[in-house]
Amino acid sequence: MSEIFKFIKIRKIKLSDVSKNWVNWLNDREVNRFSQQKNKKHSLKSQKEFIKRKLKDGSSVIYGVFYNKAHIGNIELGMIDFINKNCEVSYVIGEKAYWGKNIATISINLVLDKAFKEYKLKKIYAGTYSNNISSQRVLLKNNFIKEGELSNFYQYNSFRVSKIIFGLEKKKYKKYLV
């Protein structure tokens, strides 16, 4: 996995990063089949407003995922609780050509490093649809453990699925070797 490391970079999102491609990810039903974003219509204007709000909000940080300088996805550290030292991580690799290449796994690992070192957090958590096996694999590869399940939580097409809750404590975090 270390070979691909040199091509992946993450950095905080800037307003200038909002692009037509980003909006296309959000409007792509396949990309967002496991996200509440699938129920909304997105535009450049709505995304720029979203990013402006997030940049002012001290309780979340959005990172862009870049592969060979191309913006291919985003990761958010959301609901950062500086008192209890935890937050939720959510992510999307919007460019489907990069799916299945461990990019999400590596990118999450890079963001975890920032969360634990820069923000001094002690715990990161994430929730996935129970049928989102790929996202669960990304979390498990990063040493998250399944901590719970909320049954019948999400509407997924014509049926309901559970929400699986994963957690990672700082002491169990392992940075990948580059």
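The values are calculated or read from the model by the stated rules, or taken from the named source; none is laboratory data. On a predicted model such as this, the values are computed, not experimentally measured, just so you know. Every residue, glycine among them, receives a Cβ derived from its backbone with ideal geometry; neighbour counts consider all protein chains shown. Keep in mind that these areas ignore ligands, DNA and RNA; they rest on the heavy atoms of the full protein, side chains included. Shrake-Rupley method; radii C 1.70, N 1.55, O 1.52, S 1.80 Å.
A Cβ distance below 7 Å, combined with a sequence gap of six or more or placement on separate chains, defines the contacts here; from the range 97-121, residues that are among the charged types (D, E, K, R) reach residues that are modelled with pLDDT under 95 in the pairs 101/4; 113/175. The listed residues are 158, 135, and the only one of them that is small (Gly, Ala, Ser) and surrounded by 13 or more Cβ atoms within 10 Å (Cβ to Cβ) turns out to be 135.
When each of 62, 72 is tested for being modelled with pLDDT of 95 or more, under 21 Å from residue 116 (Cβ atoms) and open to solvent by less than 40 Å² (accessible area, probe 1.4 Å), the lone residue that passes is 62. Within the range 38-59, is even one residue out of contact with any Asp or Glu (no Cβ under 8 Å at 6 or more places or on another chain), charged (D, E, K, R) and open to solvent by less than 40 Å² (accessible area, probe 1.4 Å)? Yes: the range 38-59 contains one or more residues that are out of contact with any Asp or Glu (no Cβ under 8 Å at 6 or more places or on another chain), charged (D, E, K, R) and open to solvent by less than 40 Å² (accessible area, probe 1.4 Å). Do you know which residues across the range 78-87 are part of a strand (DSSP E or B) and either among the small types (Gly, Ala, Ser) or free of Cβ contacts under 8 Å to residues at least 24 places away in the same chain (or both)? Matches in the range 78-87: 78, 79, 81.
Keeping to the range 138-155, report how many residues are more than 16 Å from residue 110 (Cα to Cα) and either buried (at least 18 other Cβ atoms within 10 Å of the Cβ) or of a type in the set (Phe, Trp, Tyr) (or both). Of the residues in that region, 2 qualify. Residues in the range 106-120 that are surrounded by fewer than 18 Cβ atoms within 10 Å (Cβ to Cβ) and more than 13 Å from residue 76 (Cα to Cα): 113, 117, 118, 119, 120.
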